[in-house]
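*Asks:* Dumping the structure here so I can ask a few things about it.
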2 protein chains.
Amino acid sequence: MRGVLKKVRAAKEAALRMGNLPTELKNDALRKAATSMVEHRGEILEANRKDVTLAERELKRGKLSRAFVNRLKLDRSKVDGIAKMVESVAELEDPVGKTLYACKLDEGLELYKVSCPIGVVGAIFEARPDVLPQISSLCLKSGNAVILKGGKEAANSNEILFRLMKDSTEDSGVPEGWIQLIGARREVMELLRLDEHVDLLVPRGGKEFIKFIQQNTRIPVLGHAEGVCHVYVDEHADLQKALSICYDAKVQYPSVCNAAEKVLVHRSIAGEFLPRLVEIYSKAGVEVRGCARTREIVKVKRATKQDWRAEYLDLVISVKIVRDVDEAIEHINEYGSKHTDAIVTEDRNTAMKFLEGVDSSSVMWNASTRFSDGYRYGLGAEVGISTGKIHARGPVGLEGLTTSKYYLIGKGHVVAPYVGPSPKPFLHELMRKTWNEVKGGTG
Amino acid sequence: MRGVLKKVRAAKEAALRMGNLPTELKNDALRKAATSMVEHRGEILEANRKDVTLAERELKRGKLSRAFVNRLKLDRSKVDGIAKMVESVAELEDPVGKTLYACKLDEGLELYKVSCPIGVVGAIFEARPDVLPQISSLCLKSGNAVILKGGKEAANSNEILFRLMKDSTEDSGVPEGWIQLIGARREVMELLRLDEHVDLLVPRGGKEFIKFIQQNTRIPVLGHAEGVCHVYVDEHADLQKALSICYDAKVQYPSVCNAAEKVLVHRSIAGEFLPRLVEIYSKAGVEVRGCARTREIVKVKRATKQDWRAEYLDLVISVKIVRDVDEAIEHINEYGSKHTDAIVTEDRNTAMKFLEGVDSSSVMWNASTRFSDGYRYGLGAEVGISTGKIHARGPVGLEGLTTSKYYLIGKGHVVAPYVGPSPKPFLHELMRKTWNEVKGGTG
């Protein structure tokens, strides 16, 4: 059997036994993994040093950026931060075993829809050593087996982190083989073909990378290709709020997917608003590009057609003057990426029109697009942000790593009496009983 | 613009306005469509006669089966049944606009996760005239635009049913273009490539057809390829219940996906159970195939390796003797199709082991696999049965045609104060307020 298939089969085997792991066993395993990372901090830093040495050689050859090497590099406090993050997943509510629907179909015939793990998750990510512990912790908590593939520049760091996660969780009773590491790019191509065995892919990285994955596999992909987020400043906007939101959404952290890339401005307030906006952006070093009408009001570079679709992830923003909220909605639905878009207005009806009309995973009224995040949304941890509409949309927490299963319990019931010319009617009474009560023998 | 792309774009345009349709408007539209079908019954039957005449010619040439022609053929009462089904969708609860999560992130900063339509659904189905009204009613009720492609043998019937659905619903205020019909097979291939515009495919038909769709598109597909359902008769089974369930699951309606295709029998009761099982199956005309050990007990055909994976959809069943519940679980997870599997036993622990260990969308204890169905499960109507694990699993009701969207409402909130060395903490208080209350101005 080929290497990847063998690993995936082992993971599948483990996955079949992971749906019923007691919450406390999973939490203990996570806490042990965290402790083990602190205890083996020296080895982790040693392995990471090898990666960094190689990366700095590439940096000198101009093949990698300083920012890349910085993201790769670990120190004592970063390792402790990773351990703390793993431990924090133990504190989250168990997403498995929740009764989503309970219905008495007839006397003695009870149906339960219960959340359960998806099965085998493939996680493919860039060269950041914190991703492996994070995604594997989330998979363990949600009862999924995981196949990990990290960026090759972090190979040594990933190897030791993988080993520590595997050993401490399997020692705690998590089925052997639940976590698997693959290395070469050739192995990724093989993984992408295993749609019979891998249930979900969670890729992290740049948009080209994610598009490549999406176009080369039949496995469902959870993720977003890009975040082209808009702030629309309405004619009824409180301009002070508008300035503060536009500033925060662009400047506070420009290289992330929920940062704003475009500001749309209602024509009736453009004359008053734009000079103030350009002033605060200029002070923060933001390059502003504008449509023809914007450039009649403020001196900025010209925005080309490509600008409306661009995700800069940098201190650049494009500004367009629009006729009204309808044009703003239309523009966003045409050029946006269905990630996160905000309106600034004091007019309730206009806000509602915008919120319901914009077809994005998160829509905001008088708040910065930067709030679009699993932790800030109260989901505890974030698997990713989905701009797809199937399965999960927007910031995705542990729930996005579960699916559901129907349990039907009868006393020998057969379908025959319920069909035909005078069928026995169903009761279809919703019940408050949970599957856990049935399982525990108290239901 | 090519024909299919033009239709899909028109549907997308309509879809953007369908998320906010009032429930009553949608229900009125469905009732008008139902009335219109009764009023135009004569035209429907006339169009159907053309289809049936052509099909009977093919039948004579041996290119179509009698069963096929029967499924195609409408009469007065069948048309009235279709109209009644359309009307019944109006009675179902609106799946759109439900508040799934409401959380106060901080004072004045409120988050709502709300169910909403998916967008544009592509429905590809076989030559049964009742499918077009059914799937388009479900799409309308869930606020989705729909692209319909029916079997070519029902072209005339589909054309008139499509026209009646379109005219009566658009007259009632549903956005023009929400329903589109495409014809040629070439157009289907074009549809499968439009993953930028079509959000979900709902194919109906045989497994080869569904596999073809799945392998030729990047659009997510909701559906099941096949139903290889098992009944496991445990050593602690009540044999009377077991006989009755095995009979119902195979004989009551053998050509459907939730009919049983295999019976697994615990070795310790095989001697007593199998002769009785073969007796009732034989009386019903069921061909029984058995493993080597089965054939030591009863005189039946030999089951080959292919039999364990086969979906007969006919009066054929294969029987295997297993060592214990563990072997039954292992066999089902290896050879089943993750659709529906049942255990017959009076032992609670064995039942729990089976129910939790079998990785299928529906698992049953002392009940016939034939209950696996949206209507019987109390979901009101069934979009299909999903054996995939992503988005929806098992019998899928209207909820499976929805996704969700996050609404965040602030008072000018920005992220900056919530990050950095001494960040403002979030409240993350769950709220009971719904998005509908906010919308209505009462929240």
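Values quoted throughout were computed directly from the atomic coordinates according to the rules given, and no laboratory measurement underlies them. Please read all numbers here as calculations on a predicted model, not as lab measurements. All Cβ positions, glycine included, derive from the backbone under ideal geometry; neighbour counts span all protein chains shown.
*Asks:* Treating the point 7 Å from Cα along Cα-beta-carbon as the label, what are the nm separations from A:Glu58 to the other copies, to one decimal?
*Replies:* Shortest to longest, the spacings are 5.7 nm.
*Asks:* Hey, what did chain A get for relative contact order, percent, Cα under 8 Å, at least 6 apart? Numbers along the way, then the final one.
*Replies:* Details: 869 pairs, mean separation 81.9, N = 443.
Result for chain A is 18 percent.
*Asks:* From the phi of every residue in region B:214-229, what ³J(HN,Hα) in whole Hz does the Karplus formula 6.51 cos²θ - 1.76 cosθ + 1.60 yield, where θ is phi - 60° and glycine or proline is x?
*Replies:* For region B:214-229, the Karplus curve yields 4, 8, 10, 8, 9, 6, x, 10, 9, x, 10, 7, 6, x, 9, 9 Hz.
*Asks:* Measuring from centroid to centroid over Cα atoms, what is the spacing of region A:202-258 and region B:178-205 in Å?
*Replies:* Cα centroid to Cα centroid, the span is 29 Å.
*Asks:* Averaged across B:414-424, how many Cβ atoms of other chains sit within 10 Å of each residue's Cβ atom?
*Replies:* For peptide B:414-424, the averaged partner shielding equals 4.
*Asks:* Using the beta-carbon distance between A:Asp80 and B:Leu5 and R0 = 56 Å, what value does 1/(1 + (r/R0)^6) give for FRET efficiency, to the nearest 0.05?
*Replies:* My answer for the efficiency is 0.55.
*Asks:* Viscosity 0.692 mPa s, temperature 37 °C: give me the Stokes-Einstein translational D for the protein assembly as shown in µm²/s, with Rh taken as the Kirkwood radius over C-alpha pairs.
*Replies:* On the way: Rh = 29.4 Å.
Reported coefficient: 112 µm²/s.
*Asks:* Now for a different question. Could you check what % of the DSSP bridge pairs in chain A are antiparallel, to the nearest 5?
*Replies:* 35
*Asks:* Rg(Cα) of region B:340-443 divided by 2.2 N^0.38 Å? Intermediate values should be presented prior to the final figure.
*Replies:* Working: Rg = 22.2 Å, N = 104, 2.2 N^0.38 = 12.8 Å.
Output field value: 1.73.
*Asks:* Relative contact order, percent, of region B:141-281 when contacts are C-alpha pairs under 8 Å separated by at least 6 residues?
*Replies:* So the answer I get is 18 percent.
*Asks:* Report, ordered by chain and residue number, the lysines lying within cross-link reach of A:Lys50, taken as a straight Cα distance under 30 Å and ignoring same-chain residues fewer than 8 apart.
*Replies:* Filter leaves A:Lys6, A:Lys7, A:Lys32, A:Lys60, A:Lys63, A:Lys73, A:Lys78, A:Lys84, A:Lys149, A:Lys152, A:Lys166, A:Lys207.
*Asks:* While we're looking at this one, here's another question. If you average the C-alpha positions of region B:59-99 and of region A:272-315 separately, how far apart do those two centres end up, in angstrom?
*Replies:* 56
*Asks:* Okay, moving on. Inter-copy label distances at B:Leu25, 7 Å along the Cα→beta-carbon direction, one decimal in nm, shortest first?
*Replies:* So the distances to the same position in the other copies read 5.3 nm.
*Asks:* Label B:Leu239 and A:Glu56 with points 7 Å out from Cα along Cα→Cβ: what is the distance between them in nm?
*Replies:* Label at B:Leu239, label at A:Glu56, 7.9 nm between them.
*Asks:* To continue, here is another question. Can you show me the helix-derived [θ] at 222 nm for chain A, built from DSSP H runs with n ≥ 4 at -39,500 (n - 2.57) apiece and divided by the number of residues, rounded to the nearest 500. Numbers along the way, then the final one.
*Replies:* Numbers: 15 runs with 181 residues, N = 443.
Counting only the DSSP helices, I get -12500 deg cm²/dmol.
*Asks:* Under a plain spin-label model, where a point goes 7 Å from the Cα along Cα-to-Cβ, how far apart in nm are A:Glu330 and A:Gln215?
*Replies:* Spacing of the two 7 Å Cα→Cβ label points: 3.1 nm.
*Asks:* Quick one: in chain A, whose Cβ comes closest to the A/B rotation axis, and how close in angstrom?
*Replies:* Measuring from each Cβ to the axis, the minimum is at A:His391, 2.
*Asks:* Arrange the following residues from fewest to most other Cβ atoms within 10 Å of their Cβ: B:His40, A:His266.
*Replies:* Placing the least packed residue first, the sequence is B:His40, A:His266.
*Asks:* Rounded to the nearest Å, what's the spacing between the alpha carbon centres of region B:328-345 and region A:26-57? Just the number, please.
*Replies:* Here the answer is 41 Å between Cα centres.
*Asks:* While we're looking at this one, here's another question. Please arrange A:Glu330, B:Glu356, B:Glu208 by how many other C-beta atoms lie within 10 Å of their C-beta, fewest to most.
*Replies:* B:Glu208, A:Glu330, B:Glu356
*Asks:* Across the residues of A:373-380, average count of Cβ atoms on other protein chains within 10 Å?
*Replies:* Mean number of neighbouring Cβ atoms from other chains: 5.
*Asks:* Place the label 7 angstrom along Cα→C-beta at A:Met85 and in each other copy, then list the distances from the first to the rest in nm, shortest first.
*Replies:* 5.1
*Asks:* Let me check against my output: what whole-number percent is the relative contact order of region A:371-443, with C-alpha pairs under 8 Å and at least 6 apart?
*Replies:* Normalised by residue count, the contact order of region A:371-443 is 16 percent.
*Asks:* Let me ask something additional. What average number of partner chain Cβ atoms lie no more than 10 Å from the Cβ of the residues making up A:399-406?
*Replies:* Going residue by residue through A:399-406 and averaging, the value is 5.
*Asks:* Here is a follow-up. Could you estimate the translational diffusion coefficient of region B:32-182 from the Stokes-Einstein equation, with Rh from the Kirkwood formula over C-alpha pairs, at 37 °C and 0.692 mPa s, in whole µm²/s?
*Replies:* In µm²/s, the coefficient is 193.
*Asks:* Could I ask something else about it? Only counting other Cβ atoms within 10 Å, I'd like A:Ile82, A:Ile210 sorted with the fewest neighbours first.
*Replies:* Working: A:Ile82 24, A:Ile210 20.
Listing A:Ile82, A:Ile210 from fewest to most nearby Cβ atoms yields A:Ile210, A:Ile82.
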